[in-house]
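Notes follow the structure.
Each value in this text was obtained by applying a stated rule to the coordinates, not by laboratory testing. Worth saying up front: this structure is predicted, and the values here are computed from it rather than measured. Quick reminder, even Gly has a Cβ in these numbers, built from the backbone with ideal geometry, and neighbours come from all protein chains shown.
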Amino acid sequence: MGDDQSIFSMIIEGEIPCHKVYEDDLVFAFLDINPFSPGHTLVVPKESTRTLDKLSDESAEALGRVLPRISRAILRVTGAEEFNVIQNNGPNAFQSVFHVHFHIIPKMKDGRGLTFPFKSSPIDHEEAEKLATSIRELLD
Ligand code: AMP
């Protein structure tokens, strides 16, 4: 099914301990060992694929179905009202474990949670239209 084994595969198999919060046939979720805030959770497909673009539709559907539900439970339990979902692909994009995973990170009222060095610049509409057209064509 997958193309790689990782520490997350070992967690899913029960070979490494974790604080499990959810499991179904295709998805596994557990608390991050170095949390940005209490309740910081990793939601992982059981399929051991390195990056999101390589993931099967079946696993993608399963993840999409449970991400909101797991988020709601984390908010209820932590008392946070805001949160970030972040998903890194590739070492230069801050991925350190090469098995697809979504971080759910509660943003606490005291500021704990994710802080970004946000860096953006105004859109170039000419370039943007070319990009959007090309992406749309691939998705059609
Ligand atoms: P990323 O940088 O997006 O690849 O995130 C990988 C995450 O996995 C980091 O936030 C780590 O703290 C977390 N992590 C690594 N090993 C473990 C482990 N054994 N149990 C729980 N979380 C882990």
* **Sites matching chymotrypsin sites (Phe, Trp or Tyr not before Pro) across the range 64-126 that sit in DSSP coil, with at most 11 neighbouring C-beta atoms within 10 Å** => 94, 118
* **Longest exposed-site-free window of the chain, the sites being trypsin sites (Lys or Arg not before Pro) in a DSSP loop that have at most 11 other C-beta atoms within 10 Å** => 1-108
* Asked: Quick one: longest stretch of the chain between exposed loop GluC sites (Glu not before Pro), exposed meaning at most 13 other C-beta atoms within 10 Å and loop per DSSP?
  -> 16-80
* Pop a pseudo-label 7 angstrom from the Cα along the beta-carbon direction at both residue 20 and residue 61 and give the gap in nm to one decimal. => 2.4
* To do: Just tell me which lysines come within less than 24 Å, Cα to Cα, of residue 109; anything on the same chain fewer than 8 places away is out.
  => 119
* Linear extension gain, residue 120 paired with residue 53, 0.36 nm per residue minus alpha-carbon span -> 21.8 nm
* Among the lysines, which have Cα under 26 Å from the Cα of residue 54 when same-chain residues fewer than 8 positions away are ignored? -> 20, 46, 130
* Expressed in whole Å with the largest first, what are the equivalent ellipsoid semi-axes of the chain derived from the C-alpha gyration tensor as the square root of 5 times each eigenvalue? -> 27, 22, 14
